[in-house]
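Okay, so here's the structure we're looking at.
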Amino acid sequence: MFKFFEILDLIDRLDGLIRRKSTGKPSELARRLNVCERKVYQLIDTLRNLGAPVEYCSQRESYFYTTDVEFRRELFVQRVDAEKIKGGENFLQEFWSLHDLCSEEG
């Protein structure tokens, strides 16, 4: 079972590989990240949902960013009403769906 911070670490590692254009095919990337291939696709979708322009090049066999992006990883804890924060609830659901997937596949 993966925890929230483990998923953030996976996203950080994935981001680094994408920046270097050295992810390899999805099956190779799954081995590098020590996850199932299905989770690789969910991690890529998560990056896209966060606004990252991620594409796959079949010639290079690697994911890449179509434009320069910068992710900042910050942690803050605050009690808020999710309905008042546009998109906030969707962001949390994205990570929970990844968490559920990890739990299913061990």
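The values are calculated or read from the model by the stated rules, or taken from the named source; none is laboratory data. Since the model is a prediction, treat every value here as computed from it, not as a measurement. Cβ coordinates were reconstructed from backbone atoms using ideal geometry, including for glycine residues, and neighbour counts include every protein chain displayed.
Taking the conditions (1) out of contact with any strand residue (DSSP E or B) (no Cβ under 9 Å at 6 or more places or on another chain); (2) modelled with pLDDT of 80 or more; (3) of a type in the set (Ser, Thr, Tyr) in turn, residue 103 satisfies each one other than (2).
For region 29-57, the set of residues classified as aliphatic (A, V, I, L, M) and part of a loop (DSSP other than H, G, I, E, B) consists of 35, 50, 52, listed by residue number. Note on region 7-34: residues that are out of contact with any Ser or Thr (no Cβ under 7 Å at 6 or more places or on another chain), touching a residue at least 40 places away in the same chain (Cβ under 8 Å) and either of a type outside the set (A, V, I, L, M, F, W, C) or more than 21 Å from residue 60 (Cα to Cα) (or both) total 5. Of the candidates 14, 29, 50, 33, the single residue that is surrounded by fewer than 16 Cβ atoms within 10 Å (Cβ to Cβ) and not charged (D, E, K, R) is 50. If you go through region 56-89 and pick out every residue that is surrounded by 12 or more Cβ atoms within 10 Å (Cβ to Cβ) and either at pLDDT 85 or above or on the phi > 0 side of the Ramachandran plot (or both), you end up with 7. Filtering region 6-28 to residues that are assigned to a helix (DSSP H, G or I) and under 16 Å from residue 65 (Cα atoms) leaves 11, 12, 13, 14, 15, 16, 17, 18, 19, 26. Evaluate the following for residue 47: is it at pLDDT 95 or above and among the aliphatic types (A, V, I, L, M)? No: the conditions fail for residue 47.
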